[in-house]
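The values are calculated or read from the model by the stated rules, or taken from the named source; none is laboratory data. Predicted, not measured: the structure shown is a model, and the values here were computed from it. Heavy atoms of the whole protein, side chains included, go into the accessibility calculation; ligands, DNA and RNA do not. Shrake-Rupley method; radii C 1.70, N 1.55, O 1.52, S 1.80 Å.
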Amino acid sequence: MASDRTFHIERVKGTTFIALLSIVVTACYLIWRFNTLNPDAMGFSIVLYSAEVYGFITTLMFFFMI
(Lines give C-alpha, C1' and ligand atoms only; values in the text may rest on other atoms or scores of the structure.)
Protein backbone atom coordinates (compact mmCIF):
# COMPACT_ATOMS: atom_id res chain seq x y z
CA MET A 1 0.00 0.00 0.00
CA ALA A 2 2.82 2.40 0.83
CA SER A 3 4.49 1.74 -2.50
CA ASP A 4 1.34 2.82 -4.36
CA ARG A 5 1.31 6.09 -2.44
CA THR A 6 5.02 6.64 -3.04
CA PHE A 7 4.53 5.97 -6.74
CA HIS A 8 1.69 8.50 -6.87
CA ILE A 9 3.74 11.18 -5.09
CA GLU A 10 6.69 10.63 -7.43
CA ARG A 11 4.40 10.75 -10.45
CA VAL A 12 2.90 14.07 -9.32
CA LYS A 13 6.39 15.49 -8.73
CA GLY A 14 7.49 14.38 -12.19
CA THR A 15 4.40 15.78 -13.88
CA THR A 16 4.81 19.09 -12.05
CA PHE A 17 8.48 19.31 -13.02
CA ILE A 18 7.76 18.66 -16.70
CA ALA A 19 4.90 21.19 -16.71
CA LEU A 20 7.04 23.90 -15.08
CA LEU A 21 9.93 23.18 -17.44
CA SER A 22 7.59 23.48 -20.41
CA ILE A 23 6.21 26.80 -19.14
CA VAL A 24 9.68 28.27 -18.60
CA VAL A 25 11.03 27.13 -21.98
CA THR A 26 7.93 28.36 -23.84
CA ALA A 27 8.00 31.73 -22.05
CA CYS A 28 11.68 32.18 -22.98
CA TYR A 29 10.86 31.23 -26.57
CA LEU A 30 8.00 33.74 -26.77
CA ILE A 31 10.21 36.52 -25.43
CA TRP A 32 12.90 35.67 -27.98
CA ARG A 33 10.32 35.29 -30.76
CA PHE A 34 8.87 38.74 -30.08
CA ASN A 35 12.29 40.26 -30.78
CA THR A 36 12.51 38.51 -34.15
CA LEU A 37 9.32 39.81 -35.79
CA ASN A 38 9.79 40.51 -39.49
CA PRO A 39 9.36 44.26 -40.14
CA ASP A 40 8.79 43.62 -43.86
CA ALA A 41 5.73 41.46 -43.13
CA MET A 42 4.57 42.83 -39.79
CA GLY A 43 0.94 41.81 -40.26
CA PHE A 44 1.83 38.17 -40.89
CA SER A 45 4.37 38.23 -38.06
CA ILE A 46 1.80 39.50 -35.59
CA VAL A 47 -0.75 36.89 -36.67
CA LEU A 48 1.82 34.11 -36.31
CA TYR A 49 3.00 35.40 -32.93
CA SER A 50 -0.60 35.65 -31.75
CA ALA A 51 -1.15 32.01 -32.71
CA GLU A 52 1.94 31.02 -30.72
CA VAL A 53 0.73 32.97 -27.68
CA TYR A 54 -2.69 31.35 -28.04
CA GLY A 55 -1.04 27.93 -28.07
CA PHE A 56 0.87 28.83 -24.91
CA ILE A 57 -2.32 29.96 -23.19
CA THR A 58 -4.13 26.74 -24.11
CA THR A 59 -1.15 24.76 -22.81
CA LEU A 60 -1.34 26.65 -19.51
CA MET A 61 -5.05 25.85 -19.26
CA PHE A 62 -4.30 22.18 -19.97
CA PHE A 63 -1.66 22.10 -17.23
CA PHE A 64 -4.13 23.72 -14.86
CA MET A 65 -6.63 20.95 -15.59
CA ILE A 66 -4.21 18.07 -14.88
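Quick look at the values:
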| item | result |
| --- | --- |
| In Å², nearest 10: area of residue 21 left accessible to a 1.4 Å probe | 90 Å² |
| Of 26, 15, 36, the one that fluctuates the most in a GNM where the chain has Cα springs shorter than 10 Å | 36 |
| Dimensionless Rg/Rh of the chain - Kirkwood Rh, Rg from C-alpha atoms | 1.24 |
| Within the accessible area of segment 2-44 (1.4 Å probe), percent carbon and sulfur | 71 percent |
